[in-house]
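Nothing in this text is a laboratory measurement; each read-out follows from the coordinates by a stated rule. Quick caveat: nothing in here was measured; it's all calculated off a predicted structure. Because the Cβ atoms are built from the backbone with ideal geometry, glycine has one as well, and the counts that use them run over all protein chains shown.
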Amino acid sequence: MNPIHPALAPLARAAKDMPGTDLAPILQEALVEKSWLRAEHRVGDPTRYMRHVLYVDPQGAFVMTAITWLPGQVSPVHGHQVWCAYGVAEGELTEEQFRASSGKPVLIDRKIHRAGEVAERDLDCSAIHRVSNRSRSTIVSLHLYGVSAERLTTGINRLFSV
Ligand SMILES: [Fe+2]
């Protein structure tokens with residue numbers, strides 16, 4: 001059984017057609033009409049950012065997750081092995097973007113993404129970024145990854161050392 005919240009169903013349909021469809025407007029709708037967001041999605045893990053699986057495509061084409069970021073939590077600097085798109089449902093998320101040069105990635109931009117905003121679509125797996133919660137409140141972000149559930153923990157990120 002793999003139920004989906006009705007507010008996420010259009011997003012799941014669009015994700016099924018990736019990478020040929022523009023997810024951004026549909027993702028944004030889900031970030032604004034966030035009846036899918038449950039109290040447990042605001043409960044983080046004090047040791048690291050926490051992933052809650054919202055929906056798994058039965059054919060293994062994509063996974064939809066909510067990520068809970070407690071104040072101070074930060075991702076590694078990473079790129080992606082699969083397409084991904086994400087945005088912010090609650091809070092203010094900081095994203096730093098890097099350019100890969102010979103050797104270490106170089107910081108090129110820093111943005112703050114607010115609730116209701118689509119942050120990024122990395123459809124060609126070219127982005128390198130670090131995502132963090134530099135605010136005093138919990139953040140919930142909504143992510144789609146073109147990966148099967150079995151590969152969710154190992155099949156998404158390419159890590160860089162900075
Ligand atoms: Fe990422």
_Eligible lysines near LYS34 by straight Cα distance, threshold 25 Å, same-chain separation 8 or greater_ = LYS16, LYS111
_Cβ crowding within 10 Å averaged over residues, with 149-162, 87-100 ranked highest first_ = 87-100, 149-162
*Using just the helices of the chain, give the 222 nm mean residue ellipticity in deg cm²/dmol: DSSP H runs with n ≥ 4 each add -39,500 (n - 2.57), and the total is spread over all residues, rounded to 500.*
-3000 deg cm²/dmol
_Please compute the Kirkwood hydrodynamic radius over the stretch 1-86, one decimal place, Å, based on all pairs of different Cα atoms._
14.2 Å
*asked:* Please list, in order along the stretch 153-162, the HN-Hα scalar couplings obtained from phi with the Karplus expression 6.51 cos²θ - 1.76 cosθ + 1.60 (θ = phi - 60°), rounded to whole Hz, x for Gly and Pro.
replied: 7, 10, x, 9, 8, 10, 8, 10, 9, 10
_Euclidean distance between Cα centres, the stretch 26-54 to the stretch 92-162, Å_ = 16 Å
*Length-normalised contact order for the chain - Cα pairs under 8 Å, 6+ apart - percent*: 29 percent
